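In what follows, a structure is listed as structure tokens, so that the remarks can point back to it.
No value in this document is a laboratory result; all are computed from the given coordinates. Since this is a predicted model, take the numbers as computed values, not measurements. Note: ideal-geometry Cβ built from the backbone for every residue, glycine included; neighbour counts use all protein chains shown.
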Amino acid sequence: MLEIGTKAPEFTLPDQNGDMRSLKDFRGKKVVLYFYPKDMTAGCSKQACGFAELYPHFMEKGAVVLGVSKDSVASHKKFEEKFGLPFTLLSDTEKEVIQAYDVWKEKKNYGKVSMGVVRSTYLIDEEGVIVKAFGNVKAAENPGKMLEEI
């Protein structure tokens with residue numbers, strides 16, 4: 001995880017519509033930047049739907065939600081449409097942002113070791129500084145917890 005108080009690494013990635021989005025586009029707003037392993041999986045769907053349900057409350061607090069995974073733009077579009085997600089999903093197929101935010105880690109699943117995205121969430125302030133960092137978060141609890149943190 002990156003350290004609290006450090007400048008969030010800048011990035012530009014395509015969203016679920018293929019439009020390029022940069023972190024700097026959101027200056028002046030709080031950013032909930034969450035990294036998740038894969039579209040359409042049970043945990044990731046639960047987490048995304050939690051953020052979707054609470055999204056009006058995030059907006060009231062002047063915050064945006066950005067979800068990042070290594071899935072393609074097309075996969076993100078299907079994910080957005082299936083669950084009616086009101087926030088931005090970013091496609092990081094090259095894992096550049098995933099690695100810059102230090103969430104690409106060795107994982108163990110049923111004794112098998114592999115590399116993958118560890119479900120993690122950063123809260124970035126209006127100036128682009130990391131103010132909270134949570135690694136290995138629980139999918140169902142993460143959206144509510146992040147809303148409390150703002």
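General remarks:
- Among the listed pairs Lys7/Lys112; Lys70/Lys138; Lys7/Lys82; Lys24/Lys108; Lys61/Lys112, those with a Cα-Cα distance over 31 Å are Lys7/Lys112; Lys7/Lys82; Lys24/Lys108; Lys61/Lys112.
- At 1.306 mPa s and 10 °C, Stokes D of region 12-149 from Kirkwood alpha-carbon radius, µm² per second: 106 µm²/s
- Which of Val118, Pro9, Val131, positive extreme of dipole for the chain (C-beta unit charges): Val118
- Neighbours of Met40 by Cβ distance under 14 Å: Lys/Arg scored +1, Asp/Glu scored -1, total +2.
- About the centre of its Cα atoms, the chain shows a dipole size close to 520 debye [charges on the beta carbon of Lys, Arg (+1) and Asp, Glu (-1) only; nearest 20 debye].
- Each of Lys46 and Glu126 was given a label point 7 Å from its Cα along the Cα-to-Cβ line. The distance between the two points is 3.6 nm.
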